[in-house]
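Q: Before I ask anything, let me first share the structure, which is written out below as structure tokens.
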Amino acid sequence: MFKKNNYTIQDGIKVFNYSDKVTGKVITFYHDDPFPNYEISDNKLTILKKGDENLFTSSLKKFIGYNKKILEVGAGTCQLSNYLSIGNNNELVAFDANLTSLKAGLDFAKKNEIKNVNFVCGDIFDDHFSENYFDIILCNGVLHHTKDTFDAMKKITKSLKKDGILLVGLYNKYGRLRTFIRKYLFKVFGKKYLMIFDPVLRKTDSKSSKKIDAWIKDQYTHPVERSHTFDEVIKNFKTNKIEFYNSFPSCDFFQSSDENQDVSKLFNKGNEGTKFERLLAQISMIFNRQGDEGGLYIFLGQKKD
Ligand SMILES: C[S@@+](CC[C@H](N)C(=O)[O-])C[C@H]1O[C@@H](n2cnc3c(N)ncnc32)[C@H](O)[C@@H]1O
């Protein structure tokens, strides 16, 4: 799985040293509030229920199927890897530079007898994984927090097999507008303002203070954060010989609005639309649920070389 086995094992986690300053800054930032963190009441049944009830995660799990090698890059506290591993023979690797987050994921896996997830700590830019190894690479909400989004994308794509699928989630330049405004108001009015005006916090159980703190920190005080347009992803997919598969929201803005809001359609082959359609799709994010939740959008691509 690795190019070189020069890792140490700490509490069951394979740990590669890293030296990049930006990565160090990001890891220090997440140290006290690993993201996204678990609710106190979480166990295998509750994450299975939540994952199955969430149209994105349940459709992703169905799309993946069985007998696959999957890498989750920037897995954080590993909810997604743990959820995707339940009830199948897939081999998952939860990879993150933050050992504290991975420990939370591993503790959860051990307590709940989840056995098909490997936990690996290291930096994306150190390129640890063998080339053409994984069937699926998932990287949601991570690359815009590194020193170079598209260099990181190039690095992770190397370990994807030909015809393998890459899923990337990034902040959108237009779709994140409401968060940019809330960020400013948070600086002036503080946390109480966010508890009323941030739609995600309004839905979070008020007893889950760790989860609330992790969200506020991640969304409003991050030291390394960028946002990108759809066109930047399309251009970089082409450079890395990745064929567009589909996106959420869809680049095909003029399809029915029901389809535009149906995240399960992400896993059907779609079309990349025109520049104008893509622009409208991104502007519309400001006014819908994605704008509520920080303007994250998802692209799926298939490696062709
Ligand atoms: C916002 S969290 C996203 C966690 C998870 N993917 C999710 O959607 O909940 C970003 C994660 O990326 C990790 N990360 C940031 N830069 C990294 C790098 N250079 N190498 C590996 N992981 C990195 C952080 O440690 C953090 O856990």
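The values are calculated or read from the model by the stated rules, or taken from the named source; none is laboratory data. Computed from a predicted structure; not experimentally measured. Cβ: placed from backbone, ideal geometry, glycine included. Neighbour counts: every protein chain shown. In case anyone asks, the SASA skips ligands and DNA or RNA and just uses the protein heavy atoms, side chains included. Shrake-Rupley method; radii C 1.70, N 1.55, O 1.52, S 1.80 Å.
Q: What is the one condition in (1) assigned to a strand (DSSP E or B); (2) of a type outside the set (A, V, I, L, M, F, W, C); (3) crowded, with 24+ Cβ neighbours inside 10 Å that GLY164 does not satisfy?
A: Single failed check for GLY164: (3).
Q: Now for a different question. Which condition does ASN132 not pass, out of (1) assigned to a loop (DSSP other than H, G, I, E, B); (2) touching a Pro at 6+ places or on another chain (Cβ under 7 Å), if it passes all the others?
A: Every listed condition holds for ASN132 apart from (2).
Q: Let me ask something else. Could you grab me the full set of residues in the stretch 261-288 that are of a type in the set (D, E, K, R), part of a helix (DSSP H, G or I) and touching a helix residue (DSSP H, G or I) at 6+ places or on another chain (Cβ under 8 Å)?
A: Those that are of a type in the set (D, E, K, R), part of a helix (DSSP H, G or I) and touching a helix residue (DSSP H, G or I) at 6+ places or on another chain (Cβ under 8 Å): LYS265, LYS275, ARG278.
Q: Something else now. When you scan the stretch 17-36, how many residues do you find that are within 21 Å of ALA109 (Cα to Cα) and surrounded by 15 or more Cβ atoms within 10 Å (Cβ to Cβ)? Step through it out loud before you land on a result.
A: First, the residues of the stretch 17-36 that are within 21 Å of ALA109 (Cα to Cα): 30-36.
Narrowing further to those that are surrounded by 15 or more Cβ atoms within 10 Å (Cβ to Cβ): 30, 33-36.
The total comes to 5.
Q: Looking only at helices (runs of 4 or more DSSP H) that lie completely in the stretch 171-252, which have at least 2 residues being more than 28 Å from ASP42 (Cβ to Cβ)?
A: So the answer is 177-189, 230-239.
Q: In the stretch 137-147, which residue that is open to solvent by less than 10 Å² (accessible area, probe 1.4 Å) and part of a strand (DSSP E or B) is farthest from PRO223 (Cα to Cα)?
A: ILE137
Q: Confirm whether PHE108 is touching a strand residue (DSSP E or B) at 6+ places or on another chain (Cβ under 8 Å), in contact (Cβ under 8 Å) with a residue 12 or more places away in the chain and in the same structural domain as VAL168 (by TED's automatic domain parsing).
A: Judged against the criteria, PHE108 is not a match.
Q: State whether one or more residues within the stretch 148-159 are open to solvent by 10 Å² or more (accessible area, probe 1.4 Å), under 21 Å from LYS21 (Cβ atoms), near the ligand (Cβ under 10 Å from one of its atoms) and not in a helix (DSSP H, G or I).
A: yes
Q: Name the single residue that is surrounded by the fewest Cβ atoms within 10 Å (Cβ to Cβ) among those in the stretch 195-215 being under 20 Å from TYR30 (Cα atoms) and in contact with a Leu (Cβ under 7 Å, 6 or more places away or on another chain).
A: LEU201
Q: Could you please let me know if ASP42 is of a type in the set (Asp, Glu) and open to solvent by less than 90 Å² (accessible area, probe 1.4 Å)?
A: For ASP42, the condition - of a type in the set (Asp, Glu) and open to solvent by less than 90 Å² (accessible area, probe 1.4 Å) - is met.
Q: Tell me, please, whether a residue that is of a type in the set (Phe, Trp, Tyr), over 30 Å from PRO34 (Cα atoms) and buried (at least 17 other Cβ atoms within 10 Å of the Cβ) can be found in the stretch 216-227.
A: Residues of the stretch 216-227 that are of a type in the set (Phe, Trp, Tyr), as a first pass: 220.
Checking the rest, the ones that are also over 30 Å from PRO34 (Cα atoms) come to none.
No - not one qualifying residue is present in the stretch 216-227.
Q: Another question, if that's okay. Could you grab the pairs with beta carbons closer than 9 Å, sequence gap of 6+ or different chains, first residue in the stretch 144-168 and under 12 Å from PHE129 (Cβ atoms), second one surrounded by fewer than 17 Cβ atoms within 10 Å (Cβ to Cβ) and of a type in the set (A, V, I, L, M, F, W, C)?
A: Going by the 9 Å Cβ cut-off, the qualifying pairs are SER159/MET1.
Q: Could you list, in sequence order, the residues of the stretch 185-194 that are open to solvent by less than 30 Å² (accessible area, probe 1.4 Å) and either of a type outside the set (A, V, I, L, M, F, W, C) or within 16 Å of the ligand (Cβ to nearest atom) (or both)?
A: GLY190, the sole residue that qualifies.
Q: OK, next. Determine whether the stretch 109-116 contains at least one residue that is open to solvent by less than 70 Å² (accessible area, probe 1.4 Å), away from the ligand (no atom under 16 Å from the Cβ) and closer than 16 Å to CYS139 by Cβ. Working first, answer last.
A: Restricting attention to the stretch 109-116, the residues satisfying the condition of being open to solvent by less than 70 Å² (accessible area, probe 1.4 Å) are 109, 112, 114, 116.
Right, trim to away from the ligand (no atom under 16 Å from the Cβ) and you get 112, 114, 116.
Now drop any that are not closer than 16 Å to CYS139 by Cβ, which leaves none.
There is no residue in the stretch 109-116 that is open to solvent by less than 70 Å² (accessible area, probe 1.4 Å), away from the ligand (no atom under 16 Å from the Cβ) and closer than 16 Å to CYS139 by Cβ.
Q: Looking at (1) assigned by TED's automatic domain parsing to the domain that holds LEU167; (2) open to solvent by less than 30 Å² (accessible area, probe 1.4 Å), which one does PHE2 not meet, given that it meets all the others?
A: So PHE2 meets the others, but not (1).
Q: Right, here's the next one. Are any residues in the stretch 96-108 under 17 Å from THR23 (Cβ atoms) and either touching a Leu at 6+ places or on another chain (Cβ under 6 Å) or away from the ligand (no atom under 14 Å from the Cβ) (or both), and if so, which ones?
A: ASP96
Q: Just wondering, is there one or more residues in the stretch 57-71 that are within 11 Å of the ligand (Cβ to nearest atom), under 23 Å from HIS145 (Cα atoms) and surrounded by fewer than 22 Cβ atoms within 10 Å (Cβ to Cβ)?
A: Yes.
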